[in-house]
1. Report the full-extension gain for the segment A:E183 to A:E70: residue separation times 0.36 nm, less the Cα-Cα distance, to one decimal in nm.
2. Determine the gain in length on full extension of the stretch B:E78-B:D162; use 0.36 nm per residue of separation and subtract their C-alpha separation, reporting nm with one decimal.
3. If one computes the Cα centroid of segment A:177-217 and of segment B:196-224, what distance in Å separates the two points?
4. Can you tell me the dipole magnitude for segment B:53-152 around its Cα centre, using point charges on the Cβ only (Lys, Arg +1; Asp, Glu -1), in Debye to the nearest 20?
5. On the first, second and third principal axes, largest extent first, how far apart are the outermost C-alpha atoms of the protein assembly as shown in Å?
6. Can you give the Rg/Rh ratio of segment B:99-208, where Rg is from the C-alpha atoms and Rh is the Kirkwood radius?
7. Report the label-to-label distance for B:Q188 and A:E211 in nanometres (one decimal), using points 7 Å from each Cα along the Cα→Cβ vector.
8. Return the calculated 222 nm mean residue ellipticity for chain A, to the nearest 500 deg cm²/dmol, obtained by summing -39500 (n - 2.57) across DSSP H runs with n ≥ 4 and dividing by the residue count.
Amino acid sequence: MTAVLARIRALPSWQVTLTGALFVLGFLIAAQLAAEGPRIRYTSQERAPLIETALGLQEQQDALQTRILELRAQIVELEGEEPGSEALVRQINAALEHARIAGGLVQLTGPGIIFRLEDADNPGPERDSLVTARDIRTLVQELWLAGAEAASINSERVTTGTAVLDIGNAILANSAYLAPPYEVRAIGPDDLYERLTTSASFIEFVRSRIEPYGLRLSFSELDAVTVPAYAGTIRSRYGRPDPSAEPVR
Amino acid sequence: MIRSRRRWAITLVAAILGVLVVAQLRSQAANPGLSNLSAQELTLVIANVNTRNESLRAEVADLERTVASLTDAHDRGESALDELRSDLAALEAWAGLTPVVGPGVSIRVTGEIGGEGVEDLLNELRNAGAEAVAVEAVRVVAGSVVYGLPGGLSVENTALPDGFEIRAIGSSQILTGTLTRAGGVIAQLGATYEGLTISVTPLDVVSIPATERNLVPGHGTPSL
């Protein structure tokens, strides 16, 4: 043992430094390869350009969403400066504000809960140990039933037209890719959590889906949860206001 | 000479080390999920995100037109009330505050089905681009949930009869195709619920009522 230590001490310091650096290098290469891993392991050659493309499209999507929110803010400002009859303009602007809030086009902050939903720690080959779109939909539905008034999944606001889908092992909401872990935010009454956790259907969801498959569900109750505005399209291609209904002002 | 070679060796290792550290940090920060998908899944994600980007571009163009038109009217000192009214009509229709009509489908559901099965059906309608949906006389908006066990379904505190109708506005061809495709949601529900029958009828005119749900937040504060 002392002979080994003496031999190490006799080594030039640059060799020790180089050895240490090579150790770290080996560790990083191993970590990089491990990070490429699972949910399921695939060869990375064909996927690298696809990941690049997906990331590029996501960046475009973020920029487009930011632009939509900017333009909507600009429109609200211009509508507020409308020079027509004051009373009528005020009435229409109030109705516009109401519709924007009702539709989820406005960011909302209030008391609520943030849930984090994650795959099982060591997911096996079976799909059941991974979070599915249906798990997320169930959680959101349970929150609605418990009295939530606004909800979002990662950065996507849940609106009247939100679909949450499985695309293989990926999950999409409002056609936007959701990167795990999944975060569901909800604003509601102060007793939202009590209402949720005493609901028979939520208890059943935890018993039949979360616990047996090791999915991880954690939460945080907060005084101020922010649910983002919906930054997608609202234009109708097929539907139009019903002409037989009461005319709009 | 030897000292110089040592320096080069250490510099080279340090450079590779730096690149790897950055790559590792970037790959973990930028796409915690994408790197776990197969090539086929990535292709599907790309197709979906691309389609969404197209519709976001159309929305941006639409909003830019509205800004230009409002600015124009403003600069000329004219009123843009018509623009405001049309914006309001579109917003209220989309949010579910006013009744809407248009082409679409009628879906007749008979036999036993649970709330989560009906929600799967509604989710697939939204995925197929349904612009407005109603279950019987109830407009489905954010917060509306069809819940209950087979034989005891409710939506917005309204009990659903044993056989009930779902109506949706959108492309009747796409809505019908998506619902009825082999291995699609109707086939899956048929395999889950014995004796369930779901029929889809494309229609030229579908009427969807306004919601009766109060959509004004009572606990959250909007950031206008």
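Just so it is clear, none of the values below were taken in a lab; they were calculated from the coordinates. Here the structure is a predicted model, which means the values were calculated and not measured. When we count neighbours, we look across all protein chains shown, and the Cβ atoms used for this are built from the backbone with ideal geometry, even at glycine.
1. Contour length minus the Cα-Cα distance gives 38.2 nm.
2. Values: separation 84, 0.36 × 84 = 30.24 nm, distance 5.60 nm.
Full-extension gain reported as 24.6 nm.
3. Result: 24 Å between the Cα centres.
4. 240
5. Ordered largest first, the protein assembly as shown gives principal extents of 96, 65, 44 Å.
6. Details: Rg = 12.7 Å, Rh = 13.7 Å.
Result: Rg/Rh = 0.93.
7. Modelled inter-label distance: 2.6 nm.
8. On the way: 7 runs with 109 residues, N = 249.
About -14500 deg cm²/dmol.
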